[in-house]
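Asks: Take a look at this one; I'll ask things after.
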Amino acid sequence: MITTVVLSMLCVHLLCFCVMFLLISRRLSGKKWGMEVFALGNLLLGLAYILQLLGGPANWGLLSVINHTLTLCAPATYVLGALRFFDRPTPVWRPLFALAGTYTATQVLVYWVLGTEARHALLAGSCALLFLAMTMAALYAGRTFAKDLRVEMLVFATLIGGICALNAAKLLIIVYGGVGALDMNSGFQKTFYIYMSFLGTVLPPSAVWLVLRRLTDELRAMAAHDPLTRLLNRRGLMDGLDAHFRSRTARPAYLLVVDVDLFKRINDTYGHSVGDLVLRHVADVLSANARQGDLTCRLGGEEFAVICLDTDRDGALQLAERMRAAIELNEVSGVSPDRPIRCTVTIGVSGDFASTQALDAAMQQADGALYRGKTSGRNRVEWGSTQEAR
């Protein structure tokens, strides 16, 4: 009786979160992060447990066959949803239909050849292997492509490992104790479904938490980046500088202020859409030539900034010259081939500075060098603390 009540409550819980996942997926325009697939997984598992309640004792029958198929397909659906959450597009219906058809046929074959006990052992063993693979995948994700979710992945691996162990134990019980060991009033079944109810209580809110975290991460990234060029904006630049100078081994930095020459003429001649292409082109070239760890930013309009970290005066000047030459030599992509466009930039380089608070002074120094570069003919690099041009 207790197991039946727990299982009934689990069914209601799964179906309620199925509706919640669907509602969340509808509110997520564009990327749904697998929420609609998680909803499908909850639906399949909820239906499987409803069929188990309706089917009565563990025996052979249509409801029991469908129940087993849905029970195996549900965690497989969660795997597909997790792949989508981590931006790995994957089809859903085709692999699920293939798994359902294959497993249903396998059930029938095993029942005819080996009997009822073997069919139940097949489900327990298959689920144990699937949950073991999911546990290992969660641990791998936490060490590789989901390092920012390492704690969450460890928690998921622990919880999934628990249900893996219970399914392995169920397999042994069936092998050595027969189907009678699966009676709903047995101590093992009570433990099994209480743990499943615990998972049903913990995992769905955890999935919602992951979505909320992804949303806040994206909002934070949007707040720190320029929407046109995807470079850092001034806020993102300040955050990056703060992070750099917090390090005990941080060396002084150099500031490059990059200004597109005669940008107003480009806008007036070709239009603002081409002007946007020019800005994106300059941003791409700056990003491609910046060294790992350097901070690349759009200050506004046609003006950009590059913070050179872990270098010296000569290194900063060499980087500025490399960027200037690359922008001069590369045509702006996306423009009509019969009207190729090239642009040039003038770059002012500041002296070194050793704190975020010193950025304003470095900016004034680099702006002064930039002004000298503009008045000296443009398309050049000017050092902020001397009259030397490169």
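The values are calculated or read from the model by the stated rules, or taken from the named source; none is laboratory data. From a predicted model like this one, the values you see are computed outputs, not experimental measurements. Every residue, glycine as well, gets a Cβ built from its backbone with ideal geometry; the counts of neighbours run over all protein chains shown. These area figures cover heavy atoms from the full protein model, side chains too; ligands, DNA and RNA do not enter into them. Shrake-Rupley method; radii C 1.70, N 1.55, O 1.52, S 1.80 Å.
Asks: Using 1/(1 + (r/R0)^6) with R0 = 30 angstrom and r between the beta carbons of residue 133 and residue 291, what's the FRET efficiency to the nearest 0.05?
Replies: Efficiency computed from Cβ-Cβ geometry: 0.15.
Asks: For the chain, take the longest principal axis of its alpha carbons; what is the angle in degrees between that and the long axis of helix 272-289, to the nearest 10 within 0 to 90?
Replies: 80
Asks: Run the dipole for segment 234-383 about the Cα centre, Lys and Arg Cβ at +1, Asp and Glu Cβ at -1, nothing else charged, and hand back the magnitude in debye, nearest 20.
Replies: 40
Asks: Just the accessible area per residue of the chain, please: how many Å² with a 1.4 Å probe?
Replies: It amounts to 50 Å² per residue over the chain.
Asks: Taking the chain as the reference, fit the longest principal axis to its C-alpha atoms, fit the long axis of helix 150-177 to the helix C-alpha atoms, and give the angle between the two in degrees, 0 to 90, nearest 10.
Replies: For helix 150-177, the angle is close to 20 degrees.
Asks: Once both axes come from the Cα atoms, what is the angle between helix 234-246 and the longest principal axis of the chain, in degrees from 0 to 90, rounded to 10?
Replies: Tilt of helix 234-246: around 80 degrees.
Asks: Once neighbouring chains are kept in place and the probe is 1.4 Å, which whole percent of the accessible area of the chain is contributed by carbon and sulfur? Walk me through the numbers on the way to the answer.
Replies: Details: 12080 of 19550 Å².
Carbon and sulfur atoms account for 62 percent of the accessible area of the chain.
Asks: Count the lysine pairs in the chain whose Cα atoms lie under 23 Å apart, taking only pairs 8 or more positions apart in sequence or on different chains.
Replies: For the chain, qualifying lysine pairs total 4.
Asks: Another question about this same structure. For the pair residue 88 and residue 108, what calculated FRET efficiency results from E = 1/(1 + (r/R0)^6), where r is the Cβ-Cβ distance and R0 = 45 Å, to the nearest 0.05? Don't skip to the end; give the middle numbers.
Replies: Details: r = 33 Å, r/R0 = 0.74.
In this case the efficiency is close to 0.85.
Asks: Hey, another quick one. Work out the length of the dipole vector of the chain about its Cα centre, built from +1 on the beta-carbon of each Lys and Arg and -1 on the beta-carbon of each Asp and Glu, and round it to the nearest 20 debye.
Replies: Here the chain has a charge dipole of around 620 debye.
Asks: Using label points projected 7 Å from each Cα along Cα→Cβ, tell me how many nm separate residue 97 and residue 303, to one decimal.
Replies: Between residue 97 and residue 303, the simple spin-label model gives 6.0 nm.
Asks: Over the Cα atoms of segment 1-222, what is the Rg over Rh ratio if Rh follows Kirkwood?
Replies: Values: Rg = 17.7 Å, Rh = 18.1 Å.
When Rh is taken as the Kirkwood radius, the ratio is 0.98.
Asks: Run the quick spin-label model on residue 361 and residue 313: label points 7 Å from Cα toward the beta carbon, then report their separation in nm to one decimal.
Replies: In this crude spin-label approximation the distance works out to 1.7 nm.
Asks: Related question: Please report the antiparallel percentage of DSSP beta bridges with both residues in the chain, rounded to the nearest 5.
Replies: Numbers: 19 of 23 bridges.
For the chain, the DSSP antiparallel bridge percentage is about 85.
Asks: Using Stokes-Einstein with the Kirkwood hydrodynamic radius over Cα pairs, what translational diffusion coefficient do you get for segment 234-383 at 37 °C and a viscosity of 0.692 mPa s, in µm²/s rounded to a whole number?
Replies: Answer, rounded: 210 µm²/s.
Asks: Then there is this: What whole-number volume per residue, in cubic angstrom, does the convex hull of the C-alpha atoms of the chain give?
Replies: Once divided by residue count, the hull of the chain is 179 Å³.
Asks: Still on this structure: With an 8 Å cut-off on Cα pairs and a minimum separation of 6 or more residues, tell me the relative contact order of the chain in percent.
Replies: Reported relative contact order: 12 percent.
Asks: With all protein chains present and a 1.4 Å probe, how do 242, 360 order by accessible area, largest first? Don't jump to the answer; show the numbers that get you there.
Replies: Details: 242 55, 360 100 Å².
Ranking 242, 360 by accessible area, largest first, yields 360, 242.
Asks: Summing -39500 (n - 2.57) over the DSSP H runs of n ≥ 4 in the chain and dividing by its residue number, what mean residue ellipticity at 222 nm do you reach, to the nearest 500 deg cm²/dmol?
Replies: -23000 deg cm²/dmol
Asks: A further question follows. Subtract the Cα-Cα distance of residue 190 and residue 339 from 0.36 nm times their separation in residues, and report this length gain in nm to one decimal.
Replies: Working: separation 149, 0.36 × 149 = 53.64 nm, distance 7.54 nm.
The residue 190-residue 339 span can extend by a further 46.1 nm.
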